Each structure stands twice: as C-alpha cells, then as structure tokens.
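A short worksheet on the structure shown next.
We did not get these values from a lab; they are worked out from the coordinates using the rules stated. Everything quoted here is computed from the prediction, not taken from an experiment. Cβ placement follows ideal geometry from the backbone for every residue including glycine, while neighbour counts extend to all protein chains displayed.
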Amino acid sequence: MGNPKGVERDFDELERRRLKAAKLFYRGLSQSEVSRRLKVHRQSVSRWHQAWSKEGSPALLKAGRAGRKPRLLTSQLEQLGCGLKEGPEGLGYGTGLWTTWRVADLIERQTGEKFHPGHVWRILRSLGWSCQRPIGRAIQRDEPAIRRWKLVRWPVLKKRPAASSAH
C-alpha cells in the first residue's frame, strides 16, 4: 500500500524505529509488545525480529535509496538542459517547438539512452521545464493599431446599460 500520493517516506525515521525495535528485542520483549509500543503492524515486527535474529542490529539499517536507479547521470541531465536551450533548430528541426519526440531524440543523440516520448516529460519536469505552447500571432500584427483600437474605438462600440435600468 505505501504512503498516500505525494507523501514522501522519511527513511531516517523508519530506520530509527527499526533500531528501537532491536533494543526492545534485546531486552527480551515479545514481538506483540514491540508492535504495541512502536505502533506498527505485527507482521513488520516479525520480519524485523527474523532479520535481527540472523544478523543482529545491522540487518535493520536502511538499505539505501529506494526505487530504480536513474538511467541518466546528473552530468547528462545538465548536458541535456544545455541542448534544450539551444532549441530544436540546432538538431535540424524546422520549427522552434520542443515536442516529447524531439526531446527523446535529443536524449538518444546525447546519451545513447532511448526513452519513450510518453516518459520524457518526467525528465523535462526534473529540469524545471514545463509544457507550453507558442502563441499563434500573425507576423503582420500591428501592436500600436491594436492598442489604439482598444482604447478609442472599442469603448464607442461597447454597449452600455440603459439609463432606466441604472440604480
């Protein structure tokens, strides 16, 4: 089951709890008493006791990192960040829009690691990149004329409430 989504485990606290259990085992307390005192499930205490009986307290130390090791090193992620800043045109793409397929291609070119485009967004997120779409605006857009229309022409065209309905 684990923790609720978004709640991280405190591995140091978990290790402290297991080592407390080892001290209680050493003092001769039963597994059920250890379970009650530490407020943990009896099956966990049973596993801890079995490990403690075979190898002692070192068996209850934390195992290190949880989960799979990352496929990209920190230096490779930094290199990827630089490649992303250069833009997709640097890879020969016609537009300046990064897609997950293009980022996957960049990762494979730089590191030799293949990633499915559907998973690339996690790497982008870890680098601080977010999903953004370019604003589609015409090249001929006349900003001063638009500003003038909004300030002068639009107030004239805008409907106002009738004088009889005003409070």
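Observations
- Among GLU143, GLU89, GLU108, residue whose mean-square fluctuation peaks in a GNM of the chain (springs only between Cα atoms under 10 Å): GLU143
- Computed [θ] at 222 nm, deg cm²/dmol, the chain (DSSP H ≥ 4; -39,500 (n - 2.57); rounded to nearest 500): -14000 deg cm²/dmol
- A Förster radius of 35 Å, combined with the Cβ-Cβ distance separating TRP129 from ALA63, puts the computed FRET efficiency at roughly 0.65.
- Highest-MSF residue in the chain out of TRP48, TRP149, TRP98 [GNM, Cα springs under 10 Å]: TRP149
- Note on LEU157 and SER30: the extension gain reaches 37.3 nm, defined as 0.36 nm multiplied by sequence separation minus the Cα-Cα distance.
- Here's the list of lysines a cross-link from LYS20 could span, going by alpha-carbon distance under 21 Å and ignoring same-chain residues fewer than 8 apart: LYS39, LYS54, LYS62.
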